[in-house]
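Here's the structure we're looking at; comments come further down.
The values are calculated or read from the model by the stated rules, or taken from the named source; none is laboratory data. On a predicted model such as this, the values are computed, not experimentally measured, just so you know. Glycine also receives a Cβ, built like all others from the backbone with ideal geometry; neighbour counts cover every protein chain displayed.
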Amino acid sequence: MKLKTPYFEIEIENLFIIVSIILLLFSNFNSFFISFYTCYLFIIFHELAHIYIASIFGKDIEKLRFSLAGVCVYFSRKKYDICKKKVSKFDFIINILIYIAGPLSNFFLSIIFYNIKMIHEINLFLGLLNLIPIYPLDGYNILQNILFIIYFDNDICKKKINIINKIMIFIFVIFCILFSVTQKNISSIIFLLYIYILNKSKFNTTIPKYNV
């Protein structure tokens with residue numbers, strides 16, 4: 001489902017709507033519904049932090065997408081052609097500020113609600129998770145822009161960030177397997193599959209795209 005606003009398009013995944021209705025209507029899922037959407041609210045707050053900082057630097061929003069996997073903000077695409085010097089290193093510093101705003105917003109909530117265990121732990125987890133340098137998490141995008149500042153070369157940056165991404169995925173796979181076995185919880189495996197699917201899809205590492 002797509003909604004048009006004067007500022008940007010809002011896209012809501014159909015599966016997200018269906019699952020939300022099911023969780024809301026059946027009392028057996030009420031506790032899960034509350035937990036899931038409490039977490040979802042903090043994900044939205046995370047994305048709003050991206051939007052707020054991006055708006056300060058004049059970034060235009062194309063789309064705000066809601067899905068079971070989370071919330072994703074898409075900004076107007078601006079291809080960085082370093083070879084033709086259409087951008088400066090300052091552009092990448094701005095990108096770092098935008099990407100890091102999301103995790104920092106979760107750390108902020110974690111501190112504010114330190115005495116409320118659930119809120120504290122959820123936001124601490126979201127903040128730390130998003131700093132992992134794996135596509136499409138914020139940590140990947142932050143590191144990518146740091147590499148652009150250091151090398152200022154498309155090919156070198158793509159090569160290095162993709163190598164780091166693969167190494168971190170390998171480490172993350174091991175962690176998820178150990179966590180699932182020891183905690184008897186498959187949530188990490190589900191998230192790992194989501195990350196794997198996204199990494200298998202083609203993406204342009206020089207286009208800003210902000211995810212949870």
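For region 89-159, list the helices (runs of 4 or more DSSP H) that sit wholly inside it and hold at least 1 residues that are farther than 16 Å from ILE43 by Cβ and in contact (Cβ under 8 Å) with a residue 60 or more places away in the chain; which are they?
Here the list reads 89-112, 138-151.
Yes/no matrix, rows are residues, columns are (1) within 23 Å of GLY102 (Cα to Cα); (2) of a type in the set (Lys, Arg); (3) surrounded by fewer than 20 Cβ atoms within 10 Å (Cβ to Cβ):
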{"residue": "LEU124", "(1), (2), (3)": "yes, no, yes"}
{"residue": "GLY127", "(1), (2), (3)": "yes, no, no"}
{"residue": "TYR140", "(1), (2), (3)": "yes, no, no"}
{"residue": "PHE148", "(1), (2), (3)": "yes, no, no"}
{"residue": "LYS158", "(1), (2), (3)": "no, yes, yes"}
{"residue": "ASN162", "(1), (2), (3)": "yes, no, yes"}
{"residue": "PHE170", "(1), (2), (3)": "no, no, yes"}
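Within region 116-141, count every residue that is closer than 20 Å to PHE36 by Cβ and of a type in the set (S, T, N, Q).
The qualifying residues number 2.
Condition first: closer than 19 Å to TYR196 by Cα and among the β-branched types (Val, Ile, Thr). Can you find one or more residues in region 124-139 that meet it?
yes
So, of the residues in region 34-64 that are more than 26 Å from VAL19 (Cα to Cα) and assigned to a helix (DSSP H, G or I), which turns out to be farthest from the chain's Cα centre (by Cα)?
My answer is ILE56.
Restricting attention to region 49-63, and to residues there that are out of contact with any strand residue (DSSP E or B) (no Cβ under 9 Å at 6 or more places or on another chain) and either within 17 Å of ILE122 (Cα to Cα) or surrounded by fewer than 16 Cβ atoms within 10 Å (Cβ to Cβ) (or both), which single residue is modelled with the lowest pLDDT?
For region 49-63, the residue satisfying everything is GLY58.
Does ILE174 count as surrounded by fewer than 18 Cβ atoms within 10 Å (Cβ to Cβ) and assigned to a helix (DSSP H, G or I)?
yes
May I ask you to say which residue of PHE66, PHE16, PHE33, PHE42 is at pLDDT 90 or above and surrounded by 15 or more Cβ atoms within 10 Å (Cβ to Cβ)?
PHE42
Out of PHE92, PHE113, PHE107, which single residue is in contact with a helix residue (DSSP H, G or I) (Cβ under 6 Å, 6 or more places away or on another chain), among the aromatic types (Phe, Trp, Tyr) and over 26 Å from THR38 (Cα atoms)?
PHE92
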